[in-house]
Structure formats: C-alpha cells, structure tokens
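Contents: one structure, followed by commentary.
The values are calculated or read from the model by the stated rules, or taken from the named source; none is laboratory data. Remember, it's a predicted structure, so these values are computed and weren't measured experimentally. Glycine also receives a Cβ, built like all others from the backbone with ideal geometry; neighbour counts cover every protein chain displayed.
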Amino acid sequence: MNSRKKTLITNLFATTKTLTTLLSVMLLMVSFNSSALETSIQLHKADQSGAHGVSLGIGDNFFNHREFNWAVSYNRLEDANITWNDDDINFSLDTVDLMLSYRYYPKSYNSFVKSLIVEFQLGAGIALTENKFTWPELQNEEKYFSEQGDVNPVLAFIVHKKFTKQTSMHIGVKHYSDYSEFGDVSSVFIGFNYNFGRQQGY
C-alpha cells in the first residue's frame, strides 16, 4: 500500500471518528433539550459561473437558549471551477459543515419585523471526497485539489422569516475563506426550515 493510500485511509478514520464524536455530543444535547429539532434545505448559487448546489441540515439550540445554536449539514456544490496548467476543470465539492451560531430576535411592535431572525454562523467544513485530475499529456501527472478529511473554515450570514411556529424560510450568504486548492468559495442561498417537537413562541 503506497503512502498516499495510507494517508487517505488515515484521514478517513480520523474524519469518521471526529464526526461520530461531534454527532454523539450533539445528540446528547438534543436528548436533554426540550426545544425543537430544526431541519432545513437550501439551494445555493456560487460566485463561479454555473456552480450551484444543495444543503440538507439539522440543528437545535443549546439547553433552551434560543439565541445560541448548533447545526450539522451535508453540502454538495456542482461545477466548482479551478484553472491549472491552462486547463479549466470542474469538480463537485461534498462537505459536512459543523456550525455554531448566534441568532438575534428583533423586538418590535411591527409584526413583520418581529417575525425576522438574524443569524451569524461560524464553523468548519469537512471534505467528504477527494478531487484530483490527471494529465495524460504530462506523463499522467496528478494534482490533488482537495482531499478527503480536509478541514476548511466557513462562515455564514442568514435572515429568517417565520410563518408559523413550525415553518420559516431564509436567505443568506455562505463563505469558505480557504477551501483547499479552490481558494475562497462563496454562495448565496435560499432555504426552508421545518421544526419538530415542542415549540417556543415567537
């Protein structure tokens, strides 16, 4: 087994162990938390022409403090472009994002303003797949643009609009400041949330 395969296997085990630990902690928090489990779906349009994606996520607050939240999401971005050796190459980026966030609830007599939530998220995106390209004309030279287990910082800004205690929609911006060899990757998105379990008022 060559060194690269050993590295990939090591990264896979390390990533799996980290995800298992984090998910276990989060599920433990949910079991002690009487608030709702929040699910979400998002459609993304990246800053690169033609790049688009989707996210599926779950989240909750910390021990009934609705301002402080965590979220875990699976993200897939199609047609992310990079230029190397004068070639334009498109890849799909698959990540799991682990996020912590703060939510601000405006206080107002206006019903529309009162139904809004402003959220700031900060966390890490863990690459699930590797992206490499081989140039046959260059004696099969290989270049890895991202590898499984790469950890990349990510932040997001989101505005939610609640319709009922269970349902809301949101718009936002997500930014990976340094996604492996792809550099900074940003996207705007629209999404929908549905909450399960006991609800807090709004």
(message) So for region 60-79 (the condition being surrounded by 19 or more Cβ atoms within 10 Å (Cβ to Cβ), acidic (Asp, Glu) and at pLDDT 85 or above), does at least one residue qualify?
(response) yes
(request) Kindly check whether there is at least one residue in region 114-135 that is under 19 Å from the mean Cα position of the chain (by Cα), assigned to a strand (DSSP E or B) and among the aromatic types (Phe, Trp, Tyr). (result) yes
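Go through region 100-113 and count every residue that is part of a strand (DSSP E or B) and not basic (Lys, Arg).
Here the count works out to 4.
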(request) Scan region 151-185 residue by residue and report those that are within 19 Å of ALA127 (Cβ to Cβ), crowded, with 18+ Cβ neighbours inside 10 Å and within 14 Å of the chain's Cα centre (by Cα). (result) ASN152, VAL154, ALA156, LYS174, TYR176, TYR179, VAL185
(message) Criterion first (under 20 Å from GLY59 (Cα atoms) and either touching a Pro at 6+ places or on another chain (Cβ under 8 Å) or in contact (Cβ under 8 Å) with a residue 24 or more places away in the chain (or both)) does LEU122 satisfy it?
(response) yes
